[in-house]
Amino acid sequence: MPGKLLFSPAVRRSTEPTKGVLGMARSATPKVSYAGKLYVEQREAQAGHGRPLHYLRSLFRRFAVHVEDCHVSTLRAHHIEAFFYGDGGLHETCGATTLANYRATMRSFFRFCERREWTLRTMEVLTEGLREKSTQANRNRYRMTREEVLLLLEAADYPRDRALIAFLANTGLRISEAVRMRVRDVAFNKGELYVYLPKTKEEVTVPLSLDLERELRDWLRIYTEEVGTVKRSYYLFPVGQKRKFIHGHAQVPDPVRRLNPEGWITHPTYIIKDVAVKAGIELDPGDAWHTLRRSFARILYDDCVHMGHDNALRIVQAALNHKEVSTTERYLGLDIERQKYAQMIKGKPFLTAGQEGGKIIPLDERRASRG
């Protein structure tokens with residue numbers, strides 16, 4: 001747009017700027033914080049739904065602190081590599097999948113900067129130190145048993161948190177889908193839930209189990225007691241308001257947790273981790289709500305097999321709304337089947353299993369018997 005400022009007014013320009021290899025003045029390029037701000041705004045505009053991308057803002061704030069908010073043109077490959085894999089880097093707090101998403105985001109960001117000629121090096125050169133780690137690692141991801149899920153449920157002291165855990169444990173949905181649920185999305189009379197999937201931009205109908213119906217009815221009763229009449233447009237699992245102090249006691253926080261029914265939970269990870277600690281359940285590093293999704297998948301699969309369904313894998317695939325069955329297999333952790341296979345084969349006869357308990361007759365004895 002003509003007349004629009006391209007860079008932040010806070011960007012300082014030296015009287016004698018240092019020229020880079022492309023003849024660009026380093027101080028003429030925006031700082032990392034402002035470039036990140038422009039990138040996030042573009043991503044939000046491209047998304048089209050107007051929802052702020054909080055995780056991107058957080059990522060670029062952290063990156064700006066790491067590089068001391070230098071100019072984009074001064075960035076080098078070792079800066080990005082240290083941000084991911086150095087001391088206090090992202091690899092210490094993020095799981096494999098999240099780390100892969102962050103790598104893709106940073107590559108997209110540097111392409112954004114490269115198109116505007118803010119960088120002295122290409123995106124490939126700047127990100128060459130980012131090692132690719134498969135998000136489909138063969139390690140056995142943690143999955144809870146039925147007993148552990150019930151234990152987690154009982155450890156949730158706050159009714160909203162208990163209802164949220166019950167919701168995910170009974171549906172296998174993602175936490176990003178659960179926190180967007182509205183009261184109107186629950187149809188008790190039909191036994192159905194209407195869920196919008198941001199990942200695929202579609203709405204699906206999910207069956208309402210008897211356990212979940214009981215939990216949601218209990219929660220809605222408490223919800224009504226706390227906020228009064230619950231409108232259909234209210235969030236099913238609302239965010240809590242910021243704690244206030246008791247009137248006349250500036251140092252004593254109000255023990256009552258008040259809800260904002262028109263706001264959705266933006267940082268749900270703390271909920272599951274706190275409840276897991278109370279229940280004595282140790283989650284894998286980088287795992288949180290997705291552990292419940294994997295647990296639901298495994299429990300449903302075992303139930304289908306126990307009931308004699310030949311298409312158990314397809315049933316779970318439909319329940320998880322997966323496009324590819326290979327994704328469902330990873331969620332199920334079919335390494336359990338590999339262990340059963342090893343127990344069946346290791347140290348036991350296979351081709352000769354029906355011949356006197358697998359006894360192998362030496363070739364000389366067989367020839368002698370024929371003679």
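The values are calculated or read from the model by the stated rules, or taken from the named source; none is laboratory data. The model shown is predicted, which means the values in this text are computed figures rather than measured ones. Counting neighbours? That spans all protein chains shown, and the Cβs are built from the backbone with ideal geometry, glycine included. In case anyone asks, the SASA skips ligands and DNA or RNA and just uses the protein heavy atoms, side chains included. Shrake-Rupley method; radii C 1.70, N 1.55, O 1.52, S 1.80 Å.
Some observations on this one:
- Two-decimal Rg to Rh for segment 70-112 - Kirkwood Rh, Cα set: 0.99
- Centre-to-centre separation between the Cα atoms of segment 54-115 and those of segment 146-213: 34 Å.
- Residues Val230, Val65, Val305 ordered from highest to lowest accessible area at a 1.4 Å probe: Val65, Val305, Val230.
- Residues in segment 142-223 average 47 Å² of solvent-accessible surface per residue, probe 1.4 Å, ligands and nucleic acids excluded.
- Percent carbon-and-sulfur accessible area, segment 97-203, ignoring ligands, DNA and RNA, probe 1.4 Å: 45 percent
- For the residue pairs Lys199/Lys346; Lys273/Lys348; Lys273/Lys346; Lys199/Lys231; Lys37/Lys199, the C-alpha atoms sit more than 32 angstrom apart in Lys199/Lys346; Lys273/Lys348; Lys273/Lys346.
- Distance (nanometres) between label positions extended 7 Å along Cα→Cβ at Asp303 and Asn189: 2.7 nm
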